[in-house]
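The values are calculated or read from the model by the stated rules, or taken from the named source; none is laboratory data. Because the structure is predicted, anything quoted here is derived from the model rather than measured. Backbone-built Cβ (ideal geometry, glycine too); neighbour counts: all protein chains shown. Areas reflect the complete protein model, heavy atoms only, side chains present, ligands, DNA and RNA absent. Shrake-Rupley method; radii C 1.70, N 1.55, O 1.52, S 1.80 Å.
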Amino acid sequence: MKLVVGVIEARNIPAMHLNGFSDPYVKLQVGKKRYRTKVVKKTLNPSWGEEFIFKVEDFKGELQISVLDEDKFFNDDFVGHVKLPISQVFDAPQKSLGTVWYPLHPKNNRSKNKDLGEVLLNIYFQQKSSSMDMSCNGDNASSSSNCPSPLRLEDSVSSKEEKDKSFKEEKEKSLSQKSLAGRIAQIFNKNSDIAVASSTAGIDLTEMPENSRADVADEKPDDQLSSVSFEEAMKTMESKDQGSEIPSNLPGGVLVDQPYVVSPAELNSLLFSSDSSFPKSLAEMQGSKDPQLGPWKFEDGDSSLKRVYTYIKAPTKMIKATKVTEEQMYIRADAKSFAILVVVSTPDVPYGSTFKTELLYCITPGPELPSGEQSAHLVISWRMNFLQSTMMKGMIENGARQGLKEGFEQFTTLLTQSVKPVDSKDIGLNKEQILGSLQAEPKSDWKLAFQYFANFTVVSTVFMALYVIVHIWLAAPSTIQGLEFVGLDLPDSIGEFIVCGVLVLQGERLLQIISRFMQARAQKGSDHGVKAQGNGWLLTVALIEGSNLATVDSSGYCDPYVVFTCNGKSRTSSIKFQKSSPQWNEIFEFDAMEEPPSVLDIEVFDFDGLFDEATSLGQAEINFLKSNISDLADVWIPLQGKQAQACQSKLHLRIFLDNTRGGHVVKEYLSKMEKEVGKKINLRSPQTNSAFQKLFGLPPEEFLINDFTCHLKRKMPLQGRLFLSARILGFHANIFGHKTKFYFLWEDIEDIQVSPPTLASMGSPIIVITLRLGRGLDARHGARTQDREGRLKFNFQSFVSFSVAHRYLY
């Protein structure tokens, strides 16, 4: 029988490297048969999405799954493992253990680190459907000459494919020997024997790692493929959608990022419908010939929708005309959002068998338009997937990047002729329309009081008070006895004493509730609707609603309010009584700032009286350097914190950042800097600013002030360049292809000191920058040390002009 093991992903893997990450991969073994997954670089939550098939004859054996960390210079580090008896899978219902998280265990019980993370596996025995397969699994299977041999991963290619492959290799070899470039290429190309894993079609590709696609695909018979019309296929995919999230962009970069005035479904149909003329028109524009669009087909029991698109790509100066095959597969498809993964194969180009190009098309609802029309946001990202190791990797990536850039410029031009792009002016006008439509829900004080006081504590206290009053009215005065005297009536029994205590506690609780209500009504969120003053960067935040906010008492509700903080200034919302999913619809504006803001801090509190310490229900941070402003126009922000993460709390916000000064903001900022530095500062060219933004992944409003050549002091000095902008301080070095890059915010800096020259610093003063606690964690791989409190320290030295660099930094 065939045991299928799907290695999907892992989480909370311990960091094995000094940079705080690991390079994990998985080894699988049943008996003497072994497989391994691809390596996922620099992550603690890797995703593989690979499937392996073992031929099992002895059910007494066990499946061993080990997670290891790749080390370039030493032996790979062992992370943890899982052992499962094969009999456990065979005895399970339907011979399947399902998709389950398995905790990783150490090699022995003496290991101090018990928390090694978890791995998500899908383990089952493959069921046979045809009578031929059933007969081949019988006792006479080995003697039957008509039965196919059991499927093994390395034997999944038919003999015909092997002949074709060997023919292509001989052809490439003969062609390469005819030129000097081909001979050099033969020296650098490494045809390593890498076990190839078939890609699991049913796995969510939210985090798609490199090397997760198979270079060999199983041939599927026609009876396993069901061809359907595009409209029927979309309806089927929509009915099976389980609310999975749109996958994040691929790490190679973004090729297209543009909203269009068209609905997402119409844009999806234009690009991928079988009846659409767009693919053929694009092929004509790019000079491609013989485009062949295959029909959309469901595979693996209607769980995967795929098609194949082939064409002859036009020749270039470097490469002759070659055949291109695109395998298009839907990852997500509902009425509003679509995600399509395209795997492009070019086996006839030099080294074409060593890599594949992957493209991810994401179509989501775009911003609301003043005209009321629908809009769709198209984002296309890419990456290279190397199936074999080769020293020509950098050359291949650069060539592919340039080709994709030129090709998708033509793609955008043609698409613009069919659908209209959204004008940024329309989005700007949309801000006033969106904010004008927000109306805070009006509630009278009496209605709020009734909603707040309608609980068991208040009702029981009022009832007990009335009961006591009626008792006093009906009862006759008691005689003075014991230690009592006129005017002092003490309890005459233990029961009366307990009743008096309960009444006092209930009365105190009622007075606290009334006091909290009165104080909360006095704090009505006076920041709501206050207009900002001045010219500069204007930040507007619309607080719409909250969802699943945490509760701190047994009532199941909370009294939440939200505090927004930016550049040291705060705005506070109103308090919502007894709500776990409150509705605010409040607008907050921050006074205009001279510099673009870096971070907006958000924290949700539970109101517990004016003099009591407020309880935090969760917090969040919006980094404007890492966020697209257009995406923040309507966004759900998940809250961080133990209680918030347990309840999956989140806030619905609409955030707008506008520059009211226009194009003069950069010149005004540089003029201000010149007075502080005492030196002329030249305005950088658009090309330089664009390269700076691309280097660190910064938004287009970020501009470069100056840069300096220096050394970053860690264990060994590392020469690079220090970049200064309005919001960040960044460092970049490239030594023989080994790149070091990081940046942190100016507001993350707590202190800047100068250490005197030493022999170790080669006679140069050292600038020591200390960050605030918990800040700059993304740049910790560039830190020299970490003090006792956990603050990161960065050392920079060997400036060409230390005095100029020092003045700029201060």
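So how far, in whole Å, is the C-alpha centre of the stretch 734-792 from the one of the stretch 318-332?
Taking the Cα centre of each part, the stretch 734-792 and the stretch 318-332 sit 45 Å apart.
Share of the stretch 524-659's accessible area from carbon and sulfur, percent, 1.4 Å? Write out the running numbers ahead of the final one.
Working: 2560 of 5870 Å².
Within the stretch 524-659, the accessible surface is 44 percent carbon and sulfur.
Cα-based count: Lys pairs in the stretch 664-807 below 24 Å, eight or more positions apart or different chains?
Lysine pairs meeting the criterion: 15.
Which value, in Å² rounded to 10, gives the accessible area of Met464 with a 1.4 Å probe and all protein chains present?
Only protein atoms counted, so the area is about 50 Å².
So which chymotrypsin sites (Phe, Trp or Tyr not before Pro) in the stretch 69-102 are both in a DSSP loop and have at most 11 other Cβ atoms within 10 Å of their Cβ?
Details: sites: Phe73, Phe74, Phe78, Phe90, Trp101; in loops: Phe73, Phe74.
Of the chymotrypsin sites (Phe, Trp or Tyr not before Pro), the ones in loops of the stretch 69-102 whose Cβ has at most 11 other Cβ atoms within 10 Å are Phe73, Phe74.
When Lys and Arg each count +1 and Asp and Glu each count -1, what net charge do the other residues less than 9 Å away from Pro560, Cβ to Cβ, add up to?
Numbers: positive: Lys576, Lys579; negative: Asp559, Asp606.
Every neighbour counted, the sum reads 0.
What is the magnitude of the charge dipole of the stretch 230-427 about its Cα centre, with +1 placed on the Cβ of each Lys and Arg, -1 on the Cβ of each Asp and Glu, and no other charges, expressed in debye to the nearest 20?
About 860 debye.
Kindly report, to the nearest 10 Å², the accessible surface of Ser755 as traced by a 1.4 Å probe over protein heavy atoms only.
Accessible area, nearest 10 Å²: 40 Å².
How many angstrom lie between the Cα centre of the stretch 29-95 and the Cα centre of the stretch 588-604?
49
Working with all protein chains in place, sort Tyr557, Tyr467, Tyr743 by solvent-accessible area computed with a 1.4 Å probe, largest first. Don't skip to the answer; put the middle values down first.
Working: Tyr557 105, Tyr467 155, Tyr743 45 Å².
Ranked from most to least accessible, the order is Tyr467, Tyr557, Tyr743.
With a 1.4 Å probe and all protein chains kept in place, how do Ile705, Ile587 rank by accessible area, largest first?
On the way: Ile705 5, Ile587 30 Å².
Solvent-accessible surface, decreasing: Ile587, Ile705.
For the stretch 639-705 and the stretch 386-407, what is the centre-to-centre distance using only Cα atoms, to the nearest Å?
Here the two parts' Cα centres lie 32 Å apart.
Go through 468-480, 530-542 and give me the packing order, highest mean Cβ count within 10 Å leading. If you can, show how the numbers build up before the last one.
Values: 468-480: 8.5, 530-542: 17.2.
Per-residue Cβ counts within 10 Å, averaged per peptide and sorted highest first, yield 530-542, 468-480.
What accessible surface, in Å², does a 1.4 Å probe find on Arg721, ignoring ligands, DNA and RNA and rounding to the nearest 10?
Accessible surface of Arg721 is approximately 90 Å².
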